[in-house]
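Q: Following this message is one structure expressed as structure tokens.
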């Protein structure tokens, strides 16, 4: 079974630009979560989508947005890029949504390394 | 106070040593506790998860959870150079996963 794939793997942008990152979950997984990973803050939750609906949102500004398509593929968008947005953006998929009192393993993709100059 | 605290290291040990990695947390609603391993330029991969308090063993790895102290540990026995990676603790109750910042481990041959 193929794992979670993310494209592109590396991206260089300049301040003020916008960027769209893509994530294809494991076949059959309906939940996709996005995380930002930086050396200073670690792994921080951005948002989660399940069946095309945003289920949870982390504490990030409105410049960060996402969506999920009917085939469970997801995209996240960052507008008006800032230097501090440079990070590894990770996508994780799971069968069910979080927020349920049962264990729900998340499988991570390799990430997209975004550099903002 | 952050919800999950983890010493970032780095931690350097000789091959064959027993490694102890730890996290503390503040949210008593957390029920599931996980350890992820992340190699350089890769996404995290799940090593083990534990529900509530107790121990869980898987080969050379043992996870411990003490909910009364809000403290979790991962022990690696007979550590190998291939164990060199960043180890992240993560936990959840009815919420998205909350991660520690990760501990970078180097096992020296």
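Q: Tell me, please, whether a residue that is more than 13 Å from the chain's Cα centre (by Cα) and within 14 Å of another protein chain (Cβ to nearest Cβ) can be found in region B:65-87.
A: no
Q: Where residues in region B:37-50 are part of a strand (DSSP E or B) and without any contact (Cβ under 8 Å) to a residue 60 or more places away in the chain, which of them is farthest from residue B:104 (Cα to Cα)?
A: It comes out as B:50.
Q: Being modelled with pLDDT of 95 or more and either within 11 Å of another protein chain (Cβ to nearest Cβ) or touching a helix residue (DSSP H, G or I) at 6+ places or on another chain (Cβ under 6 Å) (or both): is that true of residue B:62 here?
A: no
Q: Quick one: which residue in A:3, A:28 is part of a loop (DSSP other than H, G, I, E, B) and within 14 Å of chain B (Cβ to nearest Cβ)?
A: Answer to the check: A:3.
One line per residue, one yes/no per condition, for (1) closer than 23 Å to residue B:35 by Cβ; (2) over 12 Å from the mean Cα position of the chain (by Cα); (3) modelled with pLDDT of 95 or more; (4) more than 12 Å from chain B (Cβ to nearest Cβ):
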position: A:15; (1), (2), (3), (4): no, yes, yes, yes
position: A:19; (1), (2), (3), (4): no, yes, yes, yes
position: A:50; (1), (2), (3), (4): no, yes, no, no
position: A:64; (1), (2), (3), (4): no, no, yes, yes
position: A:67; (1), (2), (3), (4): no, no, yes, yes
position: A:84; (1), (2), (3), (4): no, yes, yes, yes
position: A:95; (1), (2), (3), (4): yes, yes, no, yes
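Q: Among the residues of region B:59-85, write down those that are surrounded by fewer than 20 Cβ atoms within 10 Å (Cβ to Cβ) and outside any loop (DSSP other than H, G, I, E, B).
A: B:61, B:62, B:64, B:66, B:71, B:73, B:75, B:81, B:82, B:83
The values are calculated or read from the model by the stated rules, or taken from the named source; none is laboratory data. The structure presented is a predicted model; accordingly, all values stated were derived computationally and were not measured. Using ideal geometry, Cβ is built from the backbone for each residue, glycine included, and neighbour counts are taken over all protein chains shown.
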